[in-house]
Amino acid sequence: MSAPRLEVDLDKIHHNASTLVTRLAARGISVTAVMKASLGSPEIARMMLRAGVSMIGDSRMENIEAMRRAGISAPMMLIRAPMISDVQRVVQYADLSLNSELDVIRQLSYAAKAAGRTHGVVLMVELGDLREGIMPADLEHTAALVLGMPNIELKGIGANLACHCGVSPDSRNMDQLSALARSVEAAFGVTLDIVTGGNSANLNWAFSGADTGRINNLRLGESILLGCEPLHRQPIDGLHTDAITLVAEVIESKIKPSQPWGEIAQTAFGEKVPPADRGDIAQAILAIGRQDVDPDGLRSPMGIDIIDASSDHLIIDCGDHPLPVGAEVRFQLNYSATVRSMTSPFVTKVLLASRTGDGSEIPLTTPALASLPINNPRKIA
């Protein structure tokens, strides 16, 4: 089996998605499954849809186009504001998009009219995290102009928090979004189909028992793939945190000093304080590096410490159990490491499943592999 590789357990992803869909449905909230971290995988998208998500979302048109070519016909949302240079592709392949600039929406209108299509627009509102969004005081004016544009349908409003400045979704900002939705509806006599409150960072708020108001959709990626919430990276009760595993192969294994010698200058990636002196260690090098993964986002097996990484090499301390050349080491990943390794063309993606989600069995694509145990962090309700 090729290494390095990502092993993606579709059954666990299905379980995570289905669990979140069910729990959020009880709160009147639907789920848009965000596919960008899985590089628009049609197989993962199909598993999400079997789990009951209402829509597929992605930030890259390339991923949306790939899913369309693979026969995914479900509603698709472009979750990053469209580039003007991409508007023809957007109206052809995406049913709706998140927007904050009138100039972009005007170009979407022109493109949709030329293509004989209607494109849905969700207006993003700035609620304090200072990424994308219309200032709240400008929302009604913007909505009025959008409602007058041909071949554009105002589908709703939305917000994004916790991505840029780490502002947490809470009752205050979610109540504000609900109030803005009601204000737009009252001002123009319309009903907004979608009020999308945010991403996986909204789950603590959604499950807190707070009034959800007009919020009826969340855009979830990390929580489905990794089973945790992004605010504090705590596992979500009842979800799998090991649906995705990175496997890397040992290409050198030697006893070496823990301290470098010679005149110390910058490393390949800038200044670095020399490691503490631990005497001689059982050091191994794995065939994966910063070009393929964020090493700070890897959680290693018990007894193994990550020392450093260069472009192509991950250096580990094997502790009391030196590893032979050719051995494989398995890591759990955070969101940053998942996104980078999914994007790397040098990391093979292997999809594992015992059933398709509709009850029919399909064969595993790789044999079971022995691994060192990994400490799972404490789960929270």
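The values are calculated or read from the model by the stated rules, or taken from the named source; none is laboratory data. Here the structure is a predicted model, which is why all the values come from computation and not from measurement. Here the Cβ positions follow ideal geometry from the backbone for every residue, glycine too, while neighbour counts run over all protein chains shown.
Mind checking which residues of region 292-335 are polar (S, T, N, Q), in contact with a Lys or Arg (Cβ under 6 Å, 6 or more places away or on another chain) and either surrounded by fewer than 18 Cβ atoms within 10 Å (Cβ to Cβ) or not assigned by TED's automatic domain parsing to the domain that holds P274 (or both)? S311, the sole residue that qualifies.
Scanning region 40-61 for residues that are outside any helix (DSSP H, G or I) and farther than 18 Å from N199 by Cβ, we see that the one that is farthest from the chain's Cα centre (by Cα) is G52. Being loosely packed, with under 13 Cβ neighbours inside 10 Å, small (G, A, S), at pLDDT 95 or above and farther than 22 Å from K12 by Cα: is that true of G262 here? No, not satisfied. In this structure, does G158 turn out to be assigned by TED's automatic domain parsing to the domain that holds A206, within 27 Å of the chain's Cα centre (by Cα), of a type outside the set (A, V, I, L, M) and buried (at least 21 other Cβ atoms within 10 Å of the Cβ)? For G158, the condition - assigned by TED's automatic domain parsing to the domain that holds A206, within 27 Å of the chain's Cα centre (by Cα), of a type outside the set (A, V, I, L, M) and buried (at least 21 other Cβ atoms within 10 Å of the Cβ) - is met.
Results for (1) under 17 Å from R23 (Cβ atoms); (2) modelled with pLDDT under 95; (3) of a type in the set (G, A, S), shown as yes or no for each residue.
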{"residue": "L154", "(1), (2), (3)": "no, no, no"}
{"residue": "H164", "(1), (2), (3)": "no, no, no"}
{"residue": "S168", "(1), (2), (3)": "no, no, yes"}
{"residue": "D175", "(1), (2), (3)": "no, no, no"}
{"residue": "S178", "(1), (2), (3)": "no, no, yes"}
{"residue": "E222", "(1), (2), (3)": "yes, no, no"}
{"residue": "D237", "(1), (2), (3)": "yes, no, no"}
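Scanning region 56-111 for residues that are of a type in the set (S, T, N, Q) and touching a strand residue (DSSP E or B) at 6+ places or on another chain (Cβ under 9 Å) turns up S59, S97, N99, S100, S109.
Search region 272-329 for residues being of a type in the set (V, I, T) and in a loop (DSSP other than H, G, I, E, B), and hand back the single one that is farthest from R5 (Cα to Cα). Within region 272-329, the match that is farthest from R5 (Cα to Cα) is V273.
Here L333 clears all of (1) without any contact (Cβ under 8 Å) to a residue 12 or more places away in the chain; (2) over 20 Å from I255 (Cβ atoms); (3) aliphatic (A, V, I, L, M) except the condition numbered (1).
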